[in-house]
Amino acid sequence: DGLKVTIFGLTTEDTPLKSNPKNTNKLKFVPVIDEAKKLVPNLRKTSDVLIALTHIGHYPDESHTPDAPGDVTLARKVKGIDVIIGGHTQKPLFEPDIQNGSVIVQAAEWGKYLGRVDLEILNGKVTLKSASLIPINLVDSKVKIEADAKVESLLKPYKEKGDSSLLVDLGTSDGEFIGKRDIVRAQKTNLGTLITRAYKSKVNADLAIVNSGGLRDSIYPGKVTYESVLMVLPFAGELALVKLNGKKLKEYLEFIIFNLTAGSGSYPQMSGVEITADQKKQKITQLKINGKLVNPVKSYLMALPEFIAAGGDKYPKLTYRKTGFVDADILKDYVLGLKVLKAADFAPGNYIQIK
């Protein structure tokens, strides 16, 4: 009806940290707010409706630390955006968050919801009439979409082929191995212990570390399949090995425990270590590897995802060698060997004590 709608995109400046640095070393990521301040005034001049399609995250009341600023900061710092359709934090906003005249919405992940926003444009003014998330085939949803017979028939041979390799029984679990985003990024969990023990076992390492942001689901009680494992580790990341003497290892672990704080994807899950540290001095006062005090000159073998060995997720960049082993396959083989996963056997305990 003669209205001009402009959509522009913004992605987080944390991208080089949240993805493997080797994939972004030729790209420049500028601060989102600075870029939006340049773009929006010019786009606004020729637009009746201005929509930002973002992948920077929704952090209530700008509580984004230690991550880069998200949608709320964008709305508060840059006036003139009518709607911000967000992603990255993957949380459903069942009610729009209205900040500085901007309507912020986010529809979770994996096509669980269809987001709908209705606007009224009258005499040049944009007004929100309604916003909702429509659940798509969720367990408690009243909305059920029947399969399209033609598409279902087309996909059937591919699904059968996939199921033949994915729905392979690996064993059973007597409890939940916790990989829920809000928990695994904030505290040690039995899933973190399970995965890092699998890494250690595969390459006979002295210790192992994994960043919690790489763990994308829980392993649930009952049957464990290869599909279960891939839901936890979907990125096909390769395991890396690093050799450090006791002095360098202590310095590396000091950086991790004092700089990679709970609440972000960089939060570490570990096996093989016992740490006592001084909060005030930001130093480790006692470090044990597999129950033995660390020797400053002895070499220790550490297993970790190549992603963080290369400097991803704000980890220090290390000199490492690739193992050729993919994380999901390592976990699959480990579960196969155990047959029965007992959650109590992988309780993480208090292996980091900061006083």
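The values are calculated or read from the model by the stated rules, or taken from the named source; none is laboratory data. Since this is a predicted model, take the numbers as computed values, not measurements. As a convention, Cβ positions derive from the backbone with ideal geometry for all residues, glycine included, and neighbour counts pool all protein chains shown. Heads up: the accessible areas ignore ligands, DNA and RNA and are worked out on the full protein's heavy atoms, side chains in. Shrake-Rupley method; radii C 1.70, N 1.55, O 1.52, S 1.80 Å.
Conditions (1) surrounded by fewer than 24 Cβ atoms within 10 Å (Cβ to Cβ); (2) over 14 Å from the mean Cα position of the chain (by Cα); (3) in a loop (DSSP other than H, G, I, E, B); (4) not charged (D, E, K, R), marked per residue:
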| residue | (1), (2), (3), (4) |
| --- | --- |
| ASP182 | yes, no, no, no |
| LEU191 | no, yes, no, yes |
| LYS200 | yes, yes, no, no |
| GLU254 | yes, yes, no, no |
| GLN269 | no, no, no, yes |
| THR276 | yes, yes, no, yes |
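Here LEU3 meets the list (1) of a type in the set (A, V, I, L, M); (2) in a loop (DSSP other than H, G, I, E, B); (3) open to solvent by less than 70 Å² (accessible area, probe 1.4 Å); (4) in contact with a strand residue (DSSP E or B) (Cβ under 7 Å, 6 or more places away or on another chain) almost entirely, failing just condition (3).
If you go through segment 284-304 and keep only what is assigned to a loop (DSSP other than H, G, I, E, B) and closer than 19 Å to THR193 by Cβ, you end up with ASN290, GLY291.
Remark: pairs (first residue in segment 221-235, on the phi > 0 side of the Ramachandran plot; second residue assigned to a strand (DSSP E or B); Cβ separation under 7 Å; 6+ apart in sequence or on different chains) = GLY222/THR172; GLY222/SER173. From the residues in segment 202-223 that are buried (at least 24 other Cβ atoms within 10 Å of the Cβ) and farther than 18 Å from GLU274 by Cα, which one is farthest from the chain's Cα centre (by Cα)? Going through the qualifying residues, I end up with ILE219.
Of everything in segment 70-104 that's of a type in the set (S, T, N, Q) and assigned to a strand (DSSP E or B), which residue is surrounded by the fewest Cβ atoms within 10 Å (Cβ to Cβ)? Of everything passing the filter in segment 70-104, GLN99 is surrounded by the fewest Cβ atoms within 10 Å (Cβ to Cβ). Taken over segment 278-311, the criterion of being surrounded by 13 or more Cβ atoms within 10 Å (Cβ to Cβ) and of a type in the set (A, V, I, L, M) is satisfied by ILE284, LEU287, ILE289, VAL294, LEU301, MET302, ALA303, LEU304, ILE308, ALA309, ALA310.
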